[in-house]
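A.B. asks: First the structure, which I've put down as structure tokens, then a few questions once you've had a look.
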Amino acid sequence: MLYLDGSQGEGGGQIVRTALTLSAISGTPVRIERIRAGRQTAGLRPQHVAAVRAAADICAAHVEGAAVGSEAITFAPGGPARPGRYEWAIGTAGSAVLVMQTVLLPLALAAGPSEVRVHGGTHVPYSPSGHYLRDVYVPFLLGLGADLTLFLETYGWMPEGGGTIVAQVKGGAQPSGVDMRQRGRIERVFGTAVGCNLPSHIPQRIANRAINLLETLEVAADVRPLRARGISTGAGLFLVAEYANGRGGFGVLGRKGMPSEVVAEKAVTALLAFHAGSASVDAHLADQIIVPLALAQGASAFVTPEITAHLLTNIGVVRAFVERPIAVDERSRVVVIE
């Protein structure tokens, strides 16, 4: 059994999720202690508990400590990830995206097809949005050789949640490494301006402002307004810059008192700053792709805008499970998995 310190590095829930994913794939039991010890509210939150239960369901794991507030868990898989139909509900506006991300890779590698439904928050602070998962992370897995499709069935915002994400996963993936040290030319920019339970002029204003600000790019931006309904209210802009050999996602959640134009300006500013550099993946994608690249056949490399604490923490967890050289060049911001 592996023993991990949940307070190491960045010290957040990502340590738990990455360990669950790798344990389910490798069959290696793991004990994680001091979970989120440095956070204002230590221990597991509802979305972390849901991720533990989801990972346990797909590999018939024996679990100890899966409760809100728990600062230690034991996770022992009972076998390889099993394809099937799964459904989990967080019960709060906790991130359904992070729960889904925990099980996507094990099921993509499983022996058959699966369908997964997760209920909770789809667009909440301190988490990738449902759009980011669908338009940035999933396409990256497709590029490695996975076969899956993701749908945003309903939107879930703070504080009510109530969103649903659905994934259809073919299984049987055999991922291959990728060299992304040169991202190539920009091929398209697209995005969605969402307003849920809000007047239609709000997402329209966000989209219009974003398109105007993106006029300096080499390609025309396709940003579409979307008015949605759900049990929770929210707004935001979610953009993707797609290159010949790279991708970045940038999103801003609206809040009461923030003008629509400011939502657009914040998201576009982040995209333009990324485009002005040479990175092949955005800083958030960099730490998320370490796990699939460490499991892929062949070497991989990518350039990130910055070497974040999240990235270094995830690399540390991966190294505990996978005996594979991972080199990080702080100066050039290049990560190489040999």
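A.B. asks: Using the Cα atoms of the stretch 1-80, I'd like the radius of gyration and the largest Cα-Cα distance, Dmax, both in angstrom.
C.D. replies: Rg then Dmax for the stretch 1-80, in Å: 11.2, 36.
A.B. asks: A further question on this structure: Grab the alpha carbons of the stretch 167-326, take their convex hull, and tell me the volume per residue in Å³.
C.D. replies: Residue-normalised Cα hull volume stands at 147 Å³.
A.B. asks: Enumerate by residue number the trypsin sites (Lys or Arg not before Pro) in the stretch 7-46 meeting two conditions: DSSP loop (anything except H, G, I, E, B), and at most 12 other Cβ atoms within 10 Å of the site's Cβ. Each step should come with its number before you reach the end.
C.D. replies: Numbers: sites: R17, R31, R34, R36, R39; in loops: R34, R36, R39.
Sites meeting the loop and neighbour criteria: none at all.
A.B. asks: Which residue fluctuates the most in the chain, going by a Gaussian network model with Cα springs under 10 Å, if the choices are M100, M158, M258?
C.D. replies: Of the options given, M258 has the highest mean-square fluctuation.
A.B. asks: Sequence gap at least 6, Cα distance under 8 Å: using those rules, report the relative contact order of the chain to the nearest whole percent.
C.D. replies: After rounding, I find 14 percent.
A.B. asks: Antiparallel as a % of all DSSP beta bridges within the chain, to the nearest 5?
C.D. replies: Given both bridge residues lie in the chain, the antiparallel proportion sits at roughly 65 percent.
A.B. asks: Measuring from centroid to centroid over Cα atoms, what is the spacing of the stretch 278-302 and the stretch 136-150 in Å?
C.D. replies: 13
A.B. asks: So what is the relative contact order for the stretch 1-80, in percent, with contacts set as C-alpha pairs under 8 Å and at least six apart?
C.D. replies: It comes to 33 percent, rounded to a whole number.
A.B. asks: What's log10 of I(q)/I(0) for the chain at q = 0.09, 0.12, 0.15 Å⁻¹, Debye sum over Cα points only, no solvent?
C.D. replies: Results for the chain at q = 0.09, 0.12, 0.15 Å⁻¹ read -0.45, -0.83, -1.32.
A.B. asks: Using per-residue counts of other Cβ atoms within 10 Å, averaged over each peptide, order 144-151, 201-208 from highest down. Working shown, then result.
C.D. replies: On the way: 144-151: 17.2, 201-208: 20.9.
The peptides rank, most packed first, as 201-208, 144-151.
A.B. asks: Please list log₁₀ I(q)/I(0) at q = 0.11, 0.13, 0.14, 0.20 Å⁻¹ for the stretch 184-276, using the Debye equation with identical point scatterers on the alpha-carbon positions.
C.D. replies: Treating every Cα as an identical point scatterer, log10 I(q)/I(0) equals -0.29, -0.39, -0.45, -0.85.
A.B. asks: Oh, and also: Rg/Rh for the stretch 22-165 to two decimals, with Rh computed the Kirkwood way over all alpha-carbon pairs.
C.D. replies: With Rg and the Kirkwood Rh in hand, the quotient comes to 0.96.
A.B. asks: For the stretch 81-175, what log10 I(q)/I(0) values come out of the Debye formula at q = 0.15 1/Å, with one point per alpha carbon and no solvent?
C.D. replies: Ignoring solvent entirely, the Cα scatterers give -0.51.
A.B. asks: Next question. Taking 7 Å along the Cα-to-C-beta vector as the label spot, tell me the T308-S332 distance in nanometres, rounded to one decimal.
C.D. replies: Each label point lies 7 Å from its Cα, and together they span 2.3 nm.
A.B. asks: OK, next. Choose one answer from G246, G84, G11: the residue with the largest mean-square fluctuation in a GNM of the chain with alpha-carbon springs under 10 Å.
C.D. replies: Result for the chain, Cα springs under 10 Å: G84 fluctuates most.
Since every read-out is calculated from the coordinates, none of them should be taken as a lab result. The shown structure was predicted, so the numbers you read here are calculated from the model rather than taken from an experiment. Every residue, glycine among them, receives a Cβ derived from its backbone with ideal geometry; neighbour counts consider all protein chains shown.
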